[in-house]
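Here the structure is laid out as structure tokens; the discussion comes afterwards.
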Amino acid sequence: MNFEFRAIYWREMLKFFRFKSVLFSSLIQPVMWLAFFGLAMSDSFDKLTSLVPNEAGVPVVDYLSYMGAGIIAMDVLFSSLFGGTTLMFDKKFSLLRETLASPVPRFHIILGIGLSGVTKAFIQTFIIIGFGKLIGMDFFEGFTLAQTITAILGIMLLVAVFTLGFLFLSGSIAITIENPEGMQSILTLLSMPLFFISNALYPIESFPDILKLLSMFNPLTLLADGIRYFALGTNFSVMGNHYVYTTADIAFSFMGLIFFALTMLSAAMWRFNKVDI
Amino acid sequence: MTGNVIEVNNLEHSYGSLKAVDNISFTVKQGEIFSFLGPNGAGKSTVINILTTLKKLQKGEARVNGYDVAKDSKSVRRSIGIVFQMLCLDHEMTVSENLEYHGRIYSMPKKERKERIDELLKLTDLESKRNTLAKDLSGGMKRRLELARGLMTRPAVLFLDEPTVGFDIQTRMRMWEYLREIKREGTTIFLTTHYMEEADQLSDRISIIDHGKIIVTGNSDELKNTLGKDLIYLETSNNKTAAEILRSLRSVKSVTEDTKSLRILIGEDVTHVLPQIMEKIRGEGIDITTVNIKKPSMDDVFVHYTGHELREGDDKEKPQGKETAGVSE
Ligand SMILES: Nc1ncnc2c1ncn2[C@@H]1O[C@H](COP(=O)(O)OP(=O)(O)OP(=O)(O)O)[C@@H](O)[C@H]1O
Ligand SMILES: [Mg+2]
């Protein structure tokens, strides 16, 4: 068994902590999302929906907590989607040469970069959960310690698979494309539908059927739903919509994300094996 | 193995319809410094890239450190160190981190990594720069760091693709010192260059390569001796006609026209030939403005075998004065 991916991981993390500006912005970004977008939106949403009757006996969750799950998903989406960009520069400035000329299998390069992305995603997830709890997000409300730990582990697992999927995607694009502008526009183009056709930030119950269907398969929806399952429980209502998550739902989220990540992994392997020096 | 660290047989490589490497064969012996000398586009990097398994071998056979380049690329990779033509350091990492990363991707144990980094920083005089970011090094230091990196895993062969291109002569000579030191430690070195002096002064053996073919191989003295003991340089009022006259003489082996002068290769003792030549040319009413006799240099060898000067590139060493100075020592 080889562990060369650890070398790649080491370098990525070293540079993550070296660039103070990048480090700082990636830590502060989720807090800003929550603080500005989250608080502003949740106040107005909660006012608007306070008149909608809730079903009796169903625990009510405020919008901030509903959205908190989505913010984790969004934040992780953006950092992993743009996370591959460094690869493009590494290739452009022939930094990859050394690694590509070494005995390290290409798979290890992808894996090392993927795992470093997962680490960064974990850090961001914890910041959001921590800061969210501070400003009144109802994650893990009424959970025992064991339940909380299980829930956090579940969330981490989902976040990891999701991040790997998008990093593989972004890495495949980065290794294929030559110029930063092209990369930027492709990523922006990709992020739009992902962002809007999902239930990350708002319920999709009133979406047109076709969008609702699409959204069901959107990795962002899968992740947001998964996080809600673990953080908010299996039965709650928000803004008049009654949510019931079954074991089948969470299994669907997991399977969907794993399928997505594996597909993207094979895309990345295909692109990486094509890289010529 | 037969003492040959590199064995290449009938190697060919094409980019589309362009044959960049055309039926090349050569061997590099254990412990020697072997150079590919050739102009831009000769195919030097292509050969290096095939031998280092970065480019797929298309046709022919190549073995490095006993391993087949096509079949056993992993073992080849473990046996070699590379200094690429283009600088490729991670500028955001320090000198020692760059080495550390290299040690890690080659799975060197931690203790060995540390020891080797210390050794190499000493060898390349970069100890005081240990914690400097690579981007803050001078050009020569960056190259030395790449050299150190190439040696990190104690490779059997070190490949260097134009290691001193663009450097001034002092920096270049300093680099040669390091390479000689590395050779003393037993590492075989394969390098490409388009600097005559580099091939001449540093290498044990040289292959002159042009248009994808090896024109000639030998050590510096052998190559020069094939041109005879002396060369005559003439500047006349009419070089073209003078060249024609000279070509008709039996004692003259070949004549090449440079921009200003004629380079005359002779088969006999210069003391007899020169008066004869001068008389003949004057007899045709051509004035001789300058006469120069010198020992054949690598430059002359190159011109003789390729039929053209090695003029391409950014060579600053081109002015004639310097060339002569290089040989006179
Ligand atoms: N990737 C490529 N695609 C197409 N042609 C190429 C490629 N790489 C090299 N060539 C061509 O192959 C020939 C040999 O190139 P190569 O880089 O091996 O020469 P070189 O001797 O290293 O030159 P230099 O001194 O400029 O580095 C050149 O004509 C070059 O244009
Ligand atoms: Mg080259």
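Taking springs between alpha-carbon atoms closer than 10 angstrom, which of B:M278, B:M152, B:M196 fluctuates most in the Gaussian network model of chain B?
B:M278
Under a 5 Å amide H to amide H cut-off, with H placed in plane at 1.01 Å, what residues pair with B:G81 once short-range neighbours are removed?
Placed amide hydrogens put B:V157, B:L158, B:F159 under 5 Å from B:G81.
Using the Cα centre as the reference, give the magnitude of the dipole from point charges on the C-beta atoms of the range A:5-274 (Lys, Arg: +1; Asp, Glu: -1; all else neutral), rounded to the nearest 20 debye. Could the numbers behind the result be given before it?
On the way: 16 positive and 16 negative charges, 263 e Å.
Around 1260 debye, computed over the range A:5-274.
Whole number in Å², please: accessible area per residue of the range A:5-274, 1.4 Å probe, ligands, DNA and RNA not counted.
Values: 11840 Å² over 270 residues.
Computed with neighbouring chains in place, this is 44 Å² per residue.
So which lysines can B:K142 reach, going by Cα to Cα under 18 Å and dropping same-chain residues fewer than 8 places off?
Partners within reach: B:K122, B:K129.
Calculate how many DSSP beta bridges within the protein assembly as shown are antiparallel, expressed in % of all such bridges and rounded to the nearest 5. Write down the numbers at each step before the final one.
Details: 40 of 59 bridges.
Antiparallel: roughly 70 percent of the beta bridges in the protein assembly as shown.
Evaluate the distance, in nm, between pseudo-label points positioned 7 Å from the Cα of A:S266 and of B:T271 along their respective Cα→Cβ axes.
8.3 nm
Leaving ligands, DNA and RNA out of it, report the carbon-plus-sulfur percent of the accessible area of chain B at a 1.4 Å probe. Display every interim value, and only then the final one.
Working: 6810 of 14450 Å².
Answer for chain B: carbon and sulfur cover 47 percent of the accessible area.
To the nearest whole number, what is the average tally of beta carbon atoms from other chains within 10 Å of the beta carbons of peptide A:7-20? Mind dumping the intermediate values first?
Numbers: counts 9, 3, 1, 5, 9, 0, 0, 7, 4, 0, 0, 5, 1, 0.
That average works out to 3.
Suppose we compare each residue of the range A:74-104 in its chain alone and in the full protein complex with a 1.4 Å probe; which ones drop by at least 30 Å² of accessible area?
Hits at the 30 Å² cut-off: A:S94, A:L95, A:R97, A:E98, A:A101, A:S102, A:P103.
Give, as a single signed number, the net charge of other residues whose beta carbon lies under 11 Å from the beta carbon of A:S172, with Lys and Arg counted +1 and Asp and Glu -1. Intermediate results must be reported in sequence, preceding the final value.
Working: positive: A:R271, A:K274; negative: none.
Residues close to A:S172 contribute a combined charge of +2.
What whole-number value in Å² describes the accessible area per residue of the range B:91-174 for a 1.4 Å probe? It would help to have the intermediate numbers written out before the result.
Details: 3360 Å² over 84 residues.
Result: 40 Å² per residue.
For the range A:42-49, just list the computed ³J(HN,Hα) in residue order, Karplus coefficients 6.51, -1.76 and 1.60, θ = phi - 60°, integers in Hz, with x standing in for Gly and Pro.
For the range A:42-49, the Karplus curve yields 5, 4, 6, 4, 5, 5, 4, 9 Hz.
Tell me, what ³J(HN,Hα) does each residue in the range B:172-187 have, in order and in whole Hz, if you take phi through Karplus 6.51 cos²θ - 1.76 cosθ + 1.60 with θ = phi - 60° and put x for Gly and Pro?
5, 5, 5, 4, 4, 4, 4, 5, 5, 4, 5, 4, 4, 6, x, 7
Can you give the FRET efficiency to the nearest 0.05 for A:M255 and B:E61, using r as the Cβ-Cβ distance and R₀ = 41 Å? Intermediate values should be presented prior to the final figure.
Working: r = 50 Å, r/R0 = 1.21.
Efficiency, from the Cβ-Cβ distance: 0.25.
Counting partner chain Cβ atoms within 10 Å of every residue's Cβ in B:78-84, what's the average? Could you put the intermediate results ahead of the total?
On the way: counts 2, 0, 1, 1, 4, 0, 5.
That works out to 2 on average.
I need the peptides B:75-84, A:131-140, A:58-67 ranked by packing, meaning the mean over residues of other C-beta atoms within 10 angstrom, with the highest value on top.
Numbers: B:75-84: 21.9, A:131-140: 18.4, A:58-67: 20.0.
Going by the mean number of other Cβ atoms within 10 Å, highest first, we get B:75-84, A:58-67, A:131-140.
In the range A:5-274, how many lysine pairs have Cα atoms under 16 Å apart, counting only pairs 8 or more places apart or on different chains? Mind showing how you got there, number by number?
On the way: A:K15/A:K120; A:K20/A:K120; A:K91/A:K274; A:K92/A:K274.
Lysine pairs satisfying the spacing and distance rule in the range A:5-274 number 4.
Just to check, using Stokes-Einstein with a Kirkwood Rh over alpha carbon pairs, what's the diffusion coefficient of the range B:120-233 at 25 °C and 0.890 mPa s in µm²/s?
Values: Rh = 15.8 Å.
Rounded, D is 156 µm²/s.
Accessible area drop of at least 40 Å² (1.4 Å probe, protein heavy atoms): which residues of the range B:87-101 qualify, relative to the chain alone?
The answer is B:C88, B:D90, B:E92, B:M93, B:E97, B:Y101.
Using the Cα centre as the reference, give the magnitude of the dipole from point charges on the C-beta atoms of the protein assembly as shown (Lys, Arg: +1; Asp, Glu: -1; all else neutral), rounded to the nearest 20 debye. Don't skip to the end; give the middle numbers.
Values: 65 positive and 69 negative charges, 178 e Å.
Roughly 860 debye, rounded to the nearest 20.
Add +1 for every Lys or Arg and -1 for every Asp or Glu among the other residues with Cβ under 13 Å from the Cβ of A:F16, and state the total. Don't skip to the end; give the middle numbers.
Details: positive: A:R11, A:K15, A:R18, A:K20, A:K120; negative: A:E12, B:E92.
The answer is +3.
Roughly how large is the A-B contact in terms of buried accessible area, totalled over both chains, probe 1.4 Å, nearest 100 Å²? If you can, show how the numbers build up before the last one.
Details: alone 13570 and 15590 Å², together 26820 Å².
Accessible area lost upon association: around 2300 Å².
Restricting to lysine pairs 8 or more places apart or on different chains, what number in the range B:1-112 have Cα atoms under 30 Å apart?
Lysine pairs meeting the criterion: 26.
If you wrap a convex hull around the alpha carbons of the range A:86-160, what volume per residue comes out, as a whole number of Å³? Intermediate results must be reported in sequence, preceding the final value.
Numbers: hull volume 8.1 nm³, N = 75.
Convex hull volume per residue, Cα atoms: 108 Å³.
With r defined as the distance between the Cβ atoms of B:A70 and A:V244 and R0 fixed at 60 Å, what FRET efficiency is calculated, to the nearest 0.05? Spell out each step's value before the answer.
Working: r = 60 Å, r/R0 = 1.00.
Efficiency computed from Cβ-Cβ geometry: 0.50.
Read phi for every residue in the range A:206-216 and hand back ³J(HN,Hα) as whole Hz from Karplus 6.51 cos²θ - 1.76 cosθ + 1.60, θ = phi - 60°, with x for Gly and Pro.
9, 5, x, 4, 4, 5, 4, 5, 4, 4, 4
Could you check how much of the accessible area of the range A:5-274 is carbon and sulfur, as a whole percent, using a 1.4 Å probe?
On the way: 8690 of 11840 Å².
Summing carbon and sulfur atoms, their accessible area is 73 percent of the total for the range A:5-274.
Which of A:T188, A:T150, B:F302 sits farthest toward the positive end of the charge dipole of the protein assembly as shown, with +1 on the Cβ of Lys and Arg and -1 on the Cβ of Asp and Glu?
A:T150
Please give the average number of partner chain Cβ atoms lying within 10 Å of the Cβ of each residue in B:46-58, rounded to a whole number.
Working: counts 0, 0, 0, 3, 0, 0, 2, 2, 5, 2, 1, 0, 0.
What the average comes to for B:46-58 is 1.
Considering all alpha-carbon pairs of the protein assembly as shown, what whole percent are spaced by more than 30 angstrom? Don't skip to the answer; put the middle values down first.
Details: 116304 of 183315 pairs.
For the protein assembly as shown, the fraction of Cα-Cα distances above 30 Å is 63 percent.
Under the classification rounded if a/c is under 1.5, otherwise prolate if a/b is larger than b/c and oblate if not, where does the range A:74-119 fall, given a ≥ b ≥ c as square roots of the Cα gyration tensor eigenvalues?
Values: a/c = 3.98, a/b = 1.62, b/c = 2.46.
Oblate.
Need the full-extension length gain, B:D136 to B:K111, defined as separation in residues times 0.36 nm minus the C-alpha distance. One decimal, nm.
On the way: separation 25, 0.36 × 25 = 9.00 nm, distance 2.75 nm.
Stretched out fully, the B:D136 to B:K111 stretch lengthens by 6.3 nm.
Given labels modelled 7 Å from the Cα in the Cβ direction, how far is it in nm from A:L213 to A:S44?
3.3 nm
Calculate, for A:F195 and A:R6, the FRET efficiency according to 1/(1 + (r/R0)^6) with r their C-beta to C-beta distance and R0 22 Å; round to the nearest 0.05. Could the numbers behind the result be given before it?
Numbers: r = 34 Å, r/R0 = 1.53.
So, using R0 = 22 Å, E works out to roughly 0.05.
Label points 7 Å out from Cα along the Cβ direction at B:K240 and A:E205: separation in nm?
Distance between label points: 9.6 nm.
Apply the Kirkwood formula to chain B: the hydrodynamic radius equals the inverse of the mean of 1/r over all pairs of different alpha-carbon atoms; give it in Å with one decimal. Don't jump to the answer; show the numbers that get you there.
Details: mean 1/r = 0.0462 Å⁻¹.
Averaging 1/r across every pair of different Cα atoms and inverting gives 21.7 Å.
What residue among A:G142, A:G130, A:G68 shows peak mean-square fluctuation when chain A is described by a Gaussian network model with Cα springs under 10 Å?
Looking only at A:G142, A:G130, A:G68, the biggest GNM fluctuation is shown by A:G142.
Taking springs between alpha-carbon atoms closer than 10 angstrom, which of B:R130, B:R247, B:R180 fluctuates most in the Gaussian network model of chain B?
Checking each option, the largest mean-square fluctuation is seen for B:R247.
Under 5 Å between amide H atoms, partner at least 5 residues away or on a different chain: which partners does B:N219 have, H built in plane at 1.01 Å?
The answer is B:I206.
The values are calculated or read from the model by the stated rules, or taken from the named source; none is laboratory data. Just so we're clear, the structure is a prediction, and the values are computed from it rather than from any experiment. Cβ sites come from the backbone with ideal geometry, for glycine too, and all protein chains shown count toward neighbours. Please note that ligands, DNA and RNA were not included when accessible areas were found on the heavy atoms of the full protein model with its side chains. Shrake-Rupley method; radii C 1.70, N 1.55, O 1.52, S 1.80 Å.
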